[in-house]
Amino acid sequence: MVDVATSPGDGALVCVMEPDRAIQGLLTRLLRAEGYRVVTASDGEVGLRVVAEHRPDLILLELGMPRMDGYEVCRRLRADPRTVALPVIILAADSAVEEMVAGLDAGADDFLAKPFQQVELLARMRSAFRMRQVVRRMEEAHSIVAALANAVEAKDDKLDGHCRRMAHRAARLGARGGLRGPELEAVAYGALLHDVGKIGMPQQLLDKKGPLTEDDRTILARHPEIGERICAPLRSARAFGPIIRHHHERWDGAGYPDGVRGEAIPLGARIVAIADAYDAIFMGRPYRPARTLDETYEELRAGSGTQFDPALVPIFLAEVERVEAGLPSSVPLPPAALLDRDHVEPAGQEPTPVAR
């Protein structure tokens with residue numbers, strides 16, 4: 001049986017997957033009284049069709065569903081990109097720890113044993129909705145960042161793939177150096193958007209062949225500050241904005257825009273600086289030809305202690321060797337650092353600590 005509520009209102013749509021008609025009716029009345037819209041299903045296979053057709057905002061799921069149990073329903077929801085983040089609260093007659101663990105492992109967000117208190121159920125639902133809002137904001141922020149990165153490459157088509165390669169290389173170095181969680185994600189975003197300030201550069205300068213003049217370099221040197229300003233409205237820019245601003249600083253203090261030196265340069269910016277130089281040397285630029293891998297290694301080593309953080313250069317070169325050998329990152333990388341968005345890299349060896 002499938003029942004879509006016809007009561008007016010624009011409340012969130014809840015899918016109740018429950019084979020017991022009495023409990024199904026009780027939940028439907030409770031939820032409608034709280035302003036929710038309701039759609040119901042009495043078995044797992046029908047439940048998945050209901051989800052595909054009606055796109056609910058949350059699912060209340062009984063584990064003991066006929067035709068397809070709640071565990072399998074959960075697994076299928078999590079395997080589908082359209083429902084991978086859809087909140088699922090399990091309602092189960094058996095409150096054994098094994099049942100709860102198995103349900104959460106299958107992909108559920110929360111677990112509530114029957115008989116349940118109505119106030120507790122509603123509170124669990126509000127918590128699930130709040131978490132979903134956080135996930136949506138993160139998804140929106142990531143979409144904005146990706147759009148900005150695409151805008152950079154559209155402005156300068158010779159850099160096709162540069163930003164994503166940068167994010168991948170920088171994140172692998174950060175991971176090998178021990179960065180995790182928000183710190184590693186900030187490095188990935190900072191690398192992805194390090195050149196966003198070039199949106200404000202004259203097109204003829206970006207298209208110029210041959211060596212740059214002193215005036216050209218002066219204009220180009222403004223792009224880190226412009227990039228920082230472009231990203232400032234993003235909340236997450238607090239974490240990666242300094243990376244964008246300082247990725248052209250030098251270890252010896254001769255860089256720009258602020259001439260900071262040594263460990264006063266944010267660690268993320270020091271990481272991105274090496275990844276950026278590697279890409280520029282190895283892939284080439286309109287104003288300089290590409291070098292061989294050995295020549296690229298030699299140039300990076302030559303800049304160790306003057307242009308680059310000397311503790312990071314050997315770790316970066318070792319990680320390049322791992323990439324060339326087809327070895328995975330030491331830990332799973334943030335989405336912004338994946339060359340293939342559908343590919344998730346497995347965890348590997350323990351990281352080598354980086355001087356902070």
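The values are calculated or read from the model by the stated rules, or taken from the named source; none is laboratory data. Predicted model, so just to flag it, every value in this text is computed and none were measured. Cβ sites come from the backbone with ideal geometry, for glycine too, and all protein chains shown count toward neighbours.
Miscellaneous remarks
- Selection of the stretch 278-303 for residues being modelled with pLDDT of 95 or more, under 28 Å from Val196 (Cβ atoms) and surrounded by fewer than 18 Cβ atoms within 10 Å (Cβ to Cβ) yields only Glu299.
- Scanning the stretch 225-243 for residues being modelled with pLDDT of 95 or more and surrounded by 21 or more Cβ atoms within 10 Å (Cβ to Cβ) gives a total of 1.
- For the residues Val16, Val84, Val46, Val39, the requirement of being of a type in the set (A, V, I, L, M) and in a helix (DSSP H, G or I) singles out Val46.
- From the options Val84, Val46, Val14, residue that is buried (at least 16 other Cβ atoms within 10 Å of the Cβ) and closer than 18 Å to Met131 by Cα: Val14
- Within the stretch 244-277, the set of residues being β-branched (Val, Ile, Thr) and surrounded by fewer than 19 Cβ atoms within 10 Å (Cβ to Cβ) comprises just one member, Val260.
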